[in-house]
Structure formats: C-alpha cells, structure tokens
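To start, the structure under review is shown below, and the notes come after it.
The values are calculated or read from the model by the stated rules, or taken from the named source; none is laboratory data. Nothing here was measured: the structure is a model prediction, and the numbers come from that model. Positions of Cβ are backbone-derived with ideal geometry, glycine not excepted, and every protein chain shown enters the neighbour counts. Remember, those area values only see protein heavy atoms, side chains included, never the ligands or the DNA or RNA. Shrake-Rupley method; radii C 1.70, N 1.55, O 1.52, S 1.80 Å.
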Amino acid sequence: MAYPVTLISGDGTGPEIVAVTKKVLDATGVEFDWVEMEAGVDVMEKYGSPLPDHVVDSIRETKVALKGPITTPVGHGFRSVNVALRKMLNLYVCLRPCKYYPGVRSRYDNVDIIIVRENTEDLYAGVEFEQGKPETAQLIKFAEESGAGKIREDSGISLKPISVSGTRRIVQWAFDYARKYNRKKVTIVHKANIMKYSDGLWLKVGREVAEENGVKVVHKAEGWVVYEGGDVEFEDRIVDNMCMQLVQKPELYDILVLPNFYGDILSDLSAGLVGGLGVAPGANIGDEYAVFEATHGSAPKYKGMDKVNPSAMILSGMLMLRHLGETEAADRLENAVAAVIKEGKYTTYDMRENRDDPTAAKCSEYAAAIIREMEK
Ligand code: NAD
C-alpha cells in the first residue's frame, strides 16, 4: 500500500529541492501517495494565510509531511509557518542528525551526532514582555517584591519556561530513539549551575528519566555526579563545555538532548562539523505527526537557478523512510547519497573547493546521479 505523505514545496529554492527529492524517493521503489499542498509567502494572497487550514488538515490526515523551506519575511507581522506548524501539531522533538559523509569538505571526518532538541519551551516559548510596557513594569515590580531579584526598569524580558512534563517526554524520546537505532549514549546538555529553576529542573528530571531507563545516578560530592550502567549510557555536560568538547573531540558524542535554545545553536554548530547546512537534514516529530525538512532556509537568492544542494532535503526524505519503517530503502538511499558525494563528480557548487567551479553539478544533475547509483 502506498504511504500517504503531504508534500509542501515551500518557497525560494524549496520547490526545486522538493521536486528532485520526490523523484529520488519515488526511485527507491517505495510507493507514496503524495498529497501536494502550497504554503508560504507565495500563497499569502491566494489563501489569505501563509499556512492555510487545509494544509494542516492534510498533515493531520496523512500524519507525515515532507516540507521545503519557507521564507519568514522580517517585520511584516508574518508568523513563521515553521513555528506555527510545530505548535499546531505538537511536534515537540526537533531531530537533527549530523553525520560526516566522506567527500564532504569538513575539518572533521569522524562525526555522527544526533541532536534531539526540545521544540516547544524555553526562551523560544514566545512569552515576552516589551520594554516600557505597563505589564513589563508590573513584572519587574513583582520580581523585586517576591525576592526573586532586581531587574533594571528599562529592561525588555523574555521568559524561559521549562516544565517537568516537557523535559520528561523529550529525554524519554532520546532514550527510545537510542534503543530503536542502536545508539550507545545520551548526553543531556544544560546550564544548571546558573539557572537553577529552569535548567536545574531540566537536569534533575533528565536524571530521573535516566534512572527509569536503568542508569544509576551516583552523587559523589556536591556538584560531582557519576552515571553507571544502563543499556544506553547517560552523562551530562554544561553547555559551554559541550561547545568546546564538540569542537575538540566530536567523535566522543552520540545523542545530545538539549532544551530549545541550546539545541538551536548546537544543531548549527554540529551541522558545521560535518560540512554545513547543505547536508544537514531534520525532522519535527510529535506523538502523532512528523514533518521532515532540511535544517537550512529557503536561500531565496538562488531561486529558480537549479543550483543549490538538495542533499539536506533528500536526507530528510531518508529520515522519513526510516520513520515509516522502510529501513532497507532508507539504507539504499543513504548509501547512494554517500557514494555520489564520495565520487565528487556530480556534487553541487557548495561541495567544491572553489565555489565558482564550472564543473559543479546542478541540483537536478546531482539528484539524477543518486537515482543512477540506487539503480546499480
Ligand atoms: P538559508 O539557509 O536560506 O541560506 C543561508 C545561506 O546558506 C544561503 O545564502 C546559501 O549560501 C547557503 N545555503 C542554504 N541552503 C543551501 C543549500 N541547500 N545548498 C547550498 N547552499 C545553501 O538562511 P537564511 O538566508 O537565513 O534564511 C532565508 C529564509 O529562510 C528566511 O526567511 C528564514 O526565515 C527562512 N528559514 C526557513 C526555514 C524552514 O523553512 N525550516 C529554516 C531556516 C530559515
């Protein structure tokens, strides 16, 4: 039976990379019943919204979507379609695998990190108080009167909510993912030494979940905790140290589970370790629905040029195949992408030593090479 999948082309270079990804996925032999939907800046006029209701309804029906990047114009009162989708469908996991493929230009050659980023809370919850507003003054007064602390009167404020339930479900998701995909270790990232009531809660609940998953949490002394046992190893790292460790010895890390804000930054950092945005796939996942999309944006300056690298989008399709349980097809597709990158003959401009290399392949030529490789 064909898998129903909502296909959203996006805008900018989105339609080009989504079109070739669709061809590549069809060439795996897995059958899809594509439900094509429009969203983004280009459909604002037609539907009065960048994210028309029927698009969200379609994902509710198919449960799975493959989505091209969508532009968020700055300062037009235009809500980000990406953020809206995550909220409406409760996609609380942002999954970003960062894996090195030989042939990609990168400083590191032994990186295979899975970023599991919480997608709904933290500084990105959107609970903000504008400088100079009466409610902001009220909050400043409340903070001082309640003994929480003094805030300068001319401040703007963004709140950082982190909940027990939100932490519990994402850390458990990371353990479940580790078991499903035979990964060895989960590292929880935090700044609990400074933000005791948000990151402190995150670490405390993370440790509880680790214990429920068979890890022994041993408190050796104040601030010194060791983790023993468990079929999946567990450890914690303070976020600043984590950044340094990733740059110095990324090969030591496996799955990182992070609150929203650190997750955003470290997923770009980790994408940089394996060659940049052109090869970084992603997925937004909840208990009911999943939306697969590249980490990068719509790169509008290259629109219509058949130029940009579709690897991140194609590898997001590979993640979708795994999500659907089509492991053999996913492996075949991933191996074909790896082989074409390694050979280097049909790679796009961004994978070349010289970005103006006239022999660089077009987006569609690169995808055609992947299809030929799968058919070998
Ligand atoms: P971007 O990722 O679109 O592009 C930044 C630069 O990265 C490009 O100029 C290009 O040089 C390079 N790049 C990106 N993708 C590439 C690819 N596939 N192949 C080769 N090079 C590539 O980031 P931006 O310019 O900050 O954002 C453009 C728009 O996309 C913004 O409106 C932003 O809000 C939106 N955006 C959307 C998503 C999404 O839909 N999930 C994610 C990020 C940004």
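Quick notes
- Filter result for the condition that a residue is in contact with a strand residue (DSSP E or B) (Cβ under 6 Å, 6 or more places away or on another chain) and touching a residue at least 24 places away in the same chain (Cβ under 8 Å), over GLU235, GLU228, GLU288: GLU235
- Subset of segment 117-133 [within 14 Å of SER155 (Cβ to Cβ) and not aromatic (Phe, Trp, Tyr)]: GLU128, GLU130, GLN131, GLY132, LYS133
- Here PRO15 fits the description: in the same structural domain as LYS67 (by TED's automatic domain parsing), more than 11 Å from the ligand (Cβ to nearest atom) and within 19 Å of THR295 (Cβ to Cβ).
- Enumeration of residues in segment 23-42 that are within 20 Å of LEU319 (Cβ to Cβ), open to solvent by 20 Å² or more (accessible area, probe 1.4 Å) and within 16 Å of the ligand (Cβ to nearest atom): MET37
- Boolean, ASP264 is part of a helix (DSSP H, G or I), of a type in the set (Asp, Glu), within 16 Å of the ligand (Cβ to nearest atom) and out of contact with any Lys or Arg (no Cβ under 6 Å at 6 or more places or on another chain): yes
- Just one of (1) open to solvent by 20 Å² or more (accessible area, probe 1.4 Å); (2) more than 17 Å from CYS98 (Cα to Cα) fails for CYS363. It is (1).
- With respect to (1) modelled with pLDDT of 95 or more; (2) loosely packed, with under 14 Cβ neighbours inside 10 Å; (3) in a loop (DSSP other than H, G, I, E, B), the lone exception for ASN193 is condition (1).
- Any chance GLU293 is within 25 Å of ILE8 (Cα to Cα), open to solvent by less than 30 Å² (accessible area, probe 1.4 Å) and of a type in the set (Asp, Glu): yes
- The residues in segment 296-324 that are within 8 Å of the ligand (Cβ to nearest atom), assigned to a helix (DSSP H, G or I) and surrounded by fewer than 19 Cβ atoms within 10 Å (Cβ to Cβ) can be counted, and the count is 3.
- Taken over segment 43-82, the criterion of being touching a residue at least 40 places away in the same chain (Cβ under 8 Å), within 14 Å of the ligand (Cβ to nearest atom) and among the aliphatic types (A, V, I, L, M) is satisfied by VAL55, ALA65, LEU66, ILE70, VAL81.
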